[in-house]
Every structure is written in C-alpha cells, then in structure tokens.
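Reading through the structure tokens given below for one structure.
Bear in mind that the values in this text are calculations on the coordinates, not laboratory data. Bear in mind the structure is a predicted one, so any value in this text is a computation, not a measurement. Here Cβ is always computed from backbone atoms with ideal geometry, including for glycine, and neighbour counts include all displayed protein chains.
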Amino acid sequence: MGADTKALRARIRSVDSTLHLTKAMGLVASSKIRRATEAMLHSRDYAGALERLAEVLSSCPECQRSPYMRDEHKDGEKLRLIVVAGDRGLAGGYNANVFRLMTTLPAAESVIAIGKRACERYGGDPVSSEKFSASDAYELAQRLCREFAEGAYDRLGIVSTRYRSMLSQEAFYRELLPLKQGSQKNASVLFEPDELTVLNAAVPEYISGLIAASVRESFASEVAARRAAMDSAGKNAEAMIEDLRLHYNRARQGAITQEITEIVAGSDS
Amino acid sequence: MNTYHLLISTPDGNVYDGEAVSLSVRGVEGDLAVLAGHIPFVTSIQPCICRVVTADGSERLGRAEGGLLTVSADRVTLLASSFRWES
C-alpha cells in the first residue's frame, strides 16, 4: 500500500505541473490574441484594397501582355509554394492541418517556409511567423515576382490558415501567380503612364500585401488554436487530478485501516 | 475649401483615414498633387515625402516607401508598403 500511495502522489504532482504549464501557455496565448487579431484586420484592409485594384488592372486588355498574367499557350507546371505554419507546437491541430493540406497538393518545385515548424519540416533558415514584418514580406515578394517574370517557375501558391472565429480555423490553399483575368469594366479610369506599367509595379505590392496578410491571419489562428487547445488540456488535467486524488485517498485510507486491524489483532492475541 | 476622403493604408494598418484638402506625392512621371474633384486616376508612386493638408488646414509630412495611388470619385487611397509620419 505504501508504494501505491507514493506512486500516485508522484503522478498527481506530474499532472499538476502539466496543468501549470497549460495554464501559463493559455494565458500567454490569450494576451497575444488581441494584438494578433488587430494586426490581422489591418493587413486584411490593405490586402483587400490591393485586391480590388488588381481586379481592375487585370481586366484591362493592355495588361494581358504583362508577364504576371496567365498565358493560355504556356501553362507550365512548375509550382512554387509558400507555407505558413506556427513557431511552436501545442496548438491543437493547427500545424498538422497545414501539413496535411500540403500532402494533397501537387509536388512543388521549391517550398518557402514561414514559421519555425514549417522551416523544420521543409528546410531553410528558421523564419518566425510571429515576427515576420511587412518589409520581410515585401523583400520576399520582390524576389518571387522577379523570378516569376524571368520564368524560373510557372505558378505561385500559398498554404496558410484562415481565421473564421476564435474556435474555428481552417487550412487553405490559394494561388497567387499568375493573375487571373478580371471581369471588371472600368473604362473611365486614367492610368499613368499606362495600365501595363502600373500593373507591373502593382504586382509585387499586391503579392507582398497578400503574403503579409496570410502570415498575420495564420498567426492569429495559431494563438486562437493554442488557447482553445490549452483550455481543453487544462480541463483534462483537472479531471485527471481529481480522479487520481480519489485513488490516492482510497489507498491511504486502506493503508490506515489495515494498520489499525493489525494493531487490534496484535493486542487481542 | 473642398475636401475629399483620404485613406493612407499600410500592411500594418491605416495611418490616415479622414478628410483632406490635398495630397502631394512623387509619381512615376513626376510630382503631383490631388485636390477635390480630381478625375479617377491610378498611378504608382516613388519613395518620397508626402504632404497632406488636412481639413483644418494644417500640413503633415510623411515618408512613403513607394506604393500605389488610387483616385476614385469619392475617395483617394494611398497604398504604401511603409509609411511614417515625420510631422
């Protein structure tokens, strides 16, 4: 009996320290949620405005000559992917959902990973998804657009996580390049110096805005997923401790009863 | 003075969202200023110091690291990859 209570006490202590850990991680995630969702909404505004502009530009017949537009005759298969995942684990299915979606996509010519977990899996220097700045996105977009125009690859896609609500996030894939032809008719707008030049200047900004927005949205999803995961892990740990306490008390009581029985039996004889 | 709605947006948020009298920037073909009633217009801008005259007549200067300027009938939007107020 003595050994049993000792083992139970050790287990309770270990589950208790796990509970402390999940509580701390949950609190850290909660404190980051507000800032992360604000950053996400800001970058979403910016990307939305760029998207509307890209839609207008890609509708212009002159812009069909741009290297960024889809060429019907040369639809290559060399795919380059940007993958956005978290910096840490313990966020429920957040990272796993992104990696699972990756396996359903066609094989990529090269993968650009953002977020330490993605970097560990797909190689490359560790890039933090939390600290990824707008200027990092701009540099990356400049390089990607230049290489796309030179023909180093044919398609550019991004795998990231869409933030639906605090409780629901989903991994999704979106194709960034080449641009699809828009269907807006906006004849009364003046472009300086001309549509094609403005489009070619706008594409790196557009891609950079979309990358930054995706990274912000993924980070907001990560902290929300972590908080939910830590919340349920904390609840499970509490239930487990309660169960173990019951066993421990029962074992302790059993040991005392047995000792009394032995003493009584000893004094009787 | 006639005013229009000016929005200066960056990936880190909107830095200006309100009424303005004029906005001066450096476009690809030279300096330009936008006043109320400008025709719908789109251009890309070079890194420059932007001058905004707000509705109360005060002047604000800010550095933009390139971007796109869109003028539509009711609003002017400057999408800058980075923008910092200097005054």
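Observations
- The charge dipole of the protein assembly as shown, taken about the Cα centre with unit charges on the Cβ atoms of Lys, Arg (+1) and Asp, Glu (-1), comes to about 1100 debye, rounded to the nearest 20.
- Radius ratio Rg over Rh of chain B, counting only Cα atoms, Kirkwood formula for Rh: 0.91
- Label positions at A:Arg245 and B:Arg75, each projected 7 Å from the Cα along the C-beta direction, are separated by 5.5 nm.
- Spin-label pair A:Ala96/A:Lys6, simplified geometry with 7 Å Cα→Cβ offset, distance in nm: 3.7 nm
- Highest average first, the peptides A:30-43, B:2-15 ordered by how many other beta carbon atoms sit within 10 Å of their residues are B:2-15, A:30-43.
- Trypsin sites (Lys or Arg not before Pro) restricted to DSSP loop in segment A:96-153 with at most 12 other C-beta within 10 Å: A:Lys131
- Sparse-neighbour loop sites [GluC sites (Glu not before Pro); segment B:54-87; at most 15 other C-beta within 10 Å; DSSP]: B:Glu86
- Computed about the Cα centre, the dipole magnitude for segment A:26-229 is approximately 1020 debye when only Lys and Arg (+1) and Asp and Glu (-1) carry charge, each at its Cβ.
- Average other protein chain Cβ within 10 Å of Cβ, residues A:39-46: 4
- Cleavage-rule hits, trypsin sites (Lys or Arg not before Pro), segment A:171-269, DSSP coil, Cβ neighbours within 10 Å at most 15: A:Lys180, A:Lys185
- Ignoring lysines fewer than eight residues from A:Lys180 along the same chain, the ones with Cα atoms less than 24 angstrom from its Cα are A:Lys74, A:Lys78.
- Column: log10 I(q)/I(0), Debye, Cα scatterers of segment A:26-229, q = 0.09, 0.13, 0.15 Å⁻¹: -0.36, -0.72, -0.92
- Each Cα pair under 8 Å and six or more residues apart adds its separation to the average, and for chain A the resulting relative contact order is 34 percent.
- Positive-pole candidate from A:Ser232, A:Gly209, B:Ile45, dipole of the protein assembly as shown, charges at beta carbon: A:Ser232
- Computed [θ] at 222 nm, deg cm²/dmol, chain A (DSSP H ≥ 4; -39,500 (n - 2.57); rounded to nearest 500): -22500 deg cm²/dmol
- Cross-link partners of A:Lys116 among aspartates and glutamates (Cα-Cα below 20 Å; sequence separation of 8 or more within a chain): A:Asp87, A:Asp125, A:Glu130, A:Asp136, A:Glu139, A:Glu170, A:Glu217, A:Glu222
- Positive minus negative residues near A:Gln258 (Lys, Arg vs Asp, Glu; Cβ under 14 Å): -1
- Computed from the Cβ-Cβ distance with R0 of 41 Å, the FRET efficiency linking A:Arg13 to A:Phe172 stands at 0.45.
- Here the Debye sum runs over all C-alpha atoms of segment A:160-264 as equal scatterers in vacuum, and log10 of I(q)/I(0) at q = 0.16, 0.22 Å⁻¹ comes out as -0.90, -1.13.
- Take every DSSP beta bridge whose two residues both sit in chain A; close to 40 percent of them are antiparallel.
- The protein assembly as shown, Cα convex hull volume normalised per residue, Å³: 172 Å³
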